[in-house]
């Protein structure tokens, strides 16, 4: 099946494909038949009112939550039954809405923790200073310098992450995710709680890291979706409503109804 | 402050105030300062061992080093992955009974008994960890505490193997090669050397990717998972690393106690070790060693009644949790910073 798909499809490679995802928690259906295909290099938004199932969908797409039924393919691999850390090692990174950073560690240590999957040496290698230990360390230092520059965190290198301003923590969260040089970046409500200035900085950061990557964003802030995303999916009550360009999506009658709550009884 | 909280004790042990810098935030010591500290430690050990003539004090110092190994083991769990391992005395007891059963029942030499106990402790940690480390926080603590109770009941009732409530005693030659552990000075040098070796090993662990993974799991397990850390595996490996250290501590206490009874499985042993960790600071690798020294030397010089000792240490722990949640060394760090600030002013 795999080889056939390769031989007949001249279309751009698929980064994330979800087919008919259903998720039930006991008697509650959180997601009911969501399908989407995100091609490589796309910046894709997922929007919807509170409780619509965005976060559940997001957790399923990046392998943390397992769906009740349906298939998820990330970078050509079926991740439906893979452990979350194993999914992360296929080139997928994510940020969290809350608990976004390692709060007790310095900015630089945060980046080191983010590099975990790329380290090859063990405790013995560390003791004897093996060649793989030195190579790992050198590669880490180089990557950390790039990421510090990219995220504008050079001056905060040795500060404890927990005391940084909120917007700065968010940039660090992206920095941690970038340490593994992921092919796909999932951002969970990155602009929630940010002020206008912080949001603008954040949009600029994501624009800078987007080339060569696929990015999926769950977001309430429509400005972020409009600025960054080529397409967006609207989820309402666990159902997919529409997938389209942001300006069209935001004019969709059901989206307006869902957001303004016109039908509330 | 930390949403993925583990337990009240751990939260309290973490330096959470913004004003006081977390010990974990300071960059790790350089290799040079580690060698200097190592030299100082060796000099101090040699000076103490040769200069102090009171055999009781020297033996107590040896015992303190042995118990400090146990405290280090506890801190792999507490300072390492943020769990309070109340049942860690199981491995302490495996070490002690390893020596007891190996020497008294099987007639093995001390070294071989200890080696067997270490292997058994790792295997036990693998089995127990696979079952109990799915739990976190208070749930893990309580279940591991329960396991220590099971171990104590087993030790009390398996009389043919453990000697029952009376325990095992009458050891022949407690020696490591030609070094007789019943000689106070030799006992101290052996336990102190092993303690230094253990600390050096833990320094290497902390600076390795595995150490970084443990720290990331302690601070934010969900984020750690999302950067590719196999959280379950890291926790199990930490447990399996902590077990032989506890067993070594338990085994090296036998030359001091000269008897192994079911009491080695008492959770009171773990609590003593935990107090040492909290006294010295869970985020400092030698914190548990500092705590062990304070914990055993001070009561001796104050000639405290055991009950009064509990009262004083309990009060001390409360005071430390309130004023220096990172351990006593945090006071020194804060003092140094204040002096420096005043110097600039």
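Bear in mind these aren't lab numbers, they're just calculated from the coordinates by the rules spelled out. If you're wondering where the values come from, they're calculated on a predicted model, not measured in any experiment. Don't worry about glycine lacking a Cβ; one is built from the backbone with ideal geometry, like all the others, and counts go over all protein chains shown.
Based only on other Cβ atoms within 10 Å, what is the fewest-to-most ordering of B:222, B:329, A:81, A:116?
Ascending number of Cβ neighbours within 10 Å: A:81, B:222, B:329, A:116.
If you take the alpha carbon radius of gyration of the protein assembly as shown and divide it by 2.2 N^0.38 Å, what ratio comes out, to two decimals?
1.11
Could you check which residue among B:41, B:126, B:96 shows the biggest mean-square fluctuation in a GNM of chain B with a 10 Å Cα cutoff?
B:41
How tilted is helix A:131-151 with respect to the longest principal axis of chain A? Cα atoms for both, answer in degrees (0 to 90, nearest 10).
The answer is roughly 50 degrees.
For peptide A:119-129, what's the mean number of Cβ atoms from other chains within 10 Å of each residue's Cβ?
Per residue, the number of nearby Cβ atoms from other chains is 4 on average.
Please give the average number of partner chain Cβ atoms lying within 10 Å of the Cβ of each residue in B:209-221, rounded to a whole number.
6
Could you tell me the distance between the Cα centroids of region A:200-256 and region B:286-331, to the nearest Å?
Taking the Cα centre of each part, region A:200-256 and region B:286-331 sit 56 Å apart.
Tally the DSSP beta bridges in chain A and give the antiparallel ones as a percent, rounded to 5.
Antiparallel bridges: around 55 percent, rounded to the nearest 5.
Taking only the alpha-carbon positions of region A:71-137 and ignoring solvent, what does the Debye formula give for the base-10 log of I(q)/I(0) at q = 0.22, 0.27 Å⁻¹?
With no solvent term, the Cα-only Debye profile gives -1.02, -1.13.
Could you check which residue among B:260, B:150, B:58 shows the biggest mean-square fluctuation in a GNM of chain B with a 10 Å Cα cutoff?
B:150
For region B:31-303, what is the convex hull volume of the alpha-carbon atoms per residue, in Å³?
125 Å³
Go ahead and run the numbers for FRET between residue A:165 and residue B:307, Cβ-Cβ distance against an R0 of 51 Å, rounding to 0.05.
0.50
Which order do A:73, B:83 fall in if you start with the one that has the fewest other Cβ atoms within 10 Å?
A:73, B:83
Could you give the angle, 0 to 90 degrees to the nearest 10, between helix A:196-209's Cα long axis and the longest principal axis of the Cα atoms of chain A?
With rounding to tens, the tilt is 70 degrees.
Using Cα springs under 10 Å in a Gaussian network model of chain B, which residue among B:328, B:36, B:274 shows the largest mean-square fluctuation?
Evaluated over chain B, the most mobile residue of the options is B:36.
What Rg and what Dmax come out for region B:301-345 when only alpha-carbon atoms are used, in angstroms?
Rg then Dmax for region B:301-345, in Å: 15.1, 47.
In the P(r) worked out for region A:13-260, what percent of Cα pairs fall beyond 28 Å?
34 percent
Just to confirm my numbers, what's the Cα centroid distance between region B:248-279 and region A:61-116 in Å?
Their Cα centres are 41 Å away from one another.
One-quarter of the Cα convex hull surface for region B:43-123, in nm²?
In nm², the orientation-averaged hull projection of region B:43-123 is 7.2.
Sequence gap at least 6, Cα distance under 8 Å: using those rules, report the relative contact order of region A:13-260 to the nearest whole percent.
With pairs under 8 Å counted, the relative contact order is 28 percent.
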